1. Show the residue pairs that are 6+ apart or on different chains and have beta-carbon atoms under 7 Å apart, the first residue being within region 31-49 and within 13 Å of A8 (Cβ to Cβ) and free of Cβ contacts under 8 Å to residues at least 60 places away in the same chain, the second being loosely packed, with under 15 Cβ neighbours inside 10 Å and not hydroxyl-bearing (S, T, Y).
2. If you check P151 against the conditions, is it surrounded by 15 or more Cβ atoms within 10 Å (Cβ to Cβ), of a type outside the set (G, A, S) and more than 15 Å from the chain's Cα centre (by Cα)?
3. Does L117 qualify as being closer than 24 Å to N44 by Cβ and touching a residue at least 12 places away in the same chain (Cβ under 8 Å)?
4. How do the strands (runs of 3 or more DSSP E) wholly within region 51-131 filter down when requiring 1 or more residues that are open to solvent by 100 Å² or more (accessible area, probe 1.4 Å): which remain?
5. Over 19 Å from the mean Cα position of the chain (by Cα) and under 15 Å from V67 (Cβ atoms): is that true of R31 in this structure?
6. Considering only region 1-24, state which residues are open to solvent by less than 50 Å² (accessible area, probe 1.4 Å), among the hydrophobic types (A, V, I, L, M, F, W, C) and not in a strand (DSSP E or B).
7. Keeping to region 132-148, report how many residues are free of Cβ contacts under 8 Å to residues at least 60 places away in the same chain and part of a loop (DSSP other than H, G, I, E, B).
8. (1) under 18 Å from S135 (Cβ atoms); (2) in contact with a Phe, Trp or Tyr (Cβ under 8 Å, 6 or more places away or on another chain); (3) basic (K, R): which one isn't true of R51, the others all being true?
Amino acid sequence: MYRFYVSADQLAEKEVFISGGDVNHIKNVLRLEVGDWIVACDGNGTDYVSRIQSICSDEVVASIEKVQPTGTELPVRITLFQGIPKQGKMELIVQKAVELGVYQVIPVAMKRSVVRLDDKKAAKKADRWNSIAESAAKQAGRSRIPEVTMPLSYKEALKMAEEL
C-alpha cells in the first residue's frame, strides 16, 4: 500500500483528509481510484490503514479502517553529522541514511570543504534534502520523516554533539 504523511489537523475520528502535492500524486501519478487502499501516517508512529472514499481536485478523503502502530523505527536515535561533499553526492547520502534508519541528518561545513554555501543557498539545499528525506522515508515505510537541518560549522556541530 502507498504511504502518505499527514498532520494532526488532517485526521478526523473516522476519516483522513489528504491535500497538497499528494493529491496530484494519488490522482495522476499512481492513478488510484475510489475504493483503493492507502496508509496515512501521522509521523508519531501510528498508521491509519484507509480506503479512498472520494477524490477531488484539491483533496482526497479516505475512511480509516484500521489504526496500528508502525513499528519501523530503530530503538536508538542515530544522528548523522555529514561533511558536505562536492557535487550532488549529499542527496544520495541523505537518501541512503534515511532508508537505513537515521533519526536526523546534520550537514557540516568543514574547513576544507569544496562546497561553500551562503545562507540563501544553504536554505535551498536544506529544503531539497528534506524533500529527498521525505521520499526516502515513504519508500522505506518509516513512521517519521527524519529532519535534515541547515548546515552547521564544525564548531557548532561539536557543540551540538556534546548536547546529544
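The values are calculated or read from the model by the stated rules, or taken from the named source; none is laboratory data. This structure is a prediction, so every number in the text was calculated from the model and none was measured. Because the Cβ atoms are built from the backbone with ideal geometry, glycine has one as well, and the counts that use them run over all protein chains shown. We work out accessible area using only protein heavy atoms, side chains counted, and drop any ligands, DNA or RNA first. Shrake-Rupley method; radii C 1.70, N 1.55, O 1.52, S 1.80 Å.
1. Short answer, once both residue conditions are applied: D42/A8; Y48/V67.
2. Working: surrounded by 15 or more Cβ atoms within 10 Å (Cβ to Cβ): yes; of a type outside the set (G, A, S): yes; more than 15 Å from the chain's Cα centre (by Cα): yes.
Yes.
3. no
4. Values: elements: 59-69, 79-83, 104-109.
In region 51-131, the matching strands (runs of 3 or more DSSP E) lie at 59-69.
5. When the stated conditions are applied, R31 does not pass them.
6. Answer for region 1-24, where residues must be open to solvent by less than 50 Å² (accessible area, probe 1.4 Å), among the hydrophobic types (A, V, I, L, M, F, W, C) and not in a strand (DSSP E or B): V6, A12, V23.
7. So the count comes out to 1.
8. Every listed condition holds for R51 apart from (1).
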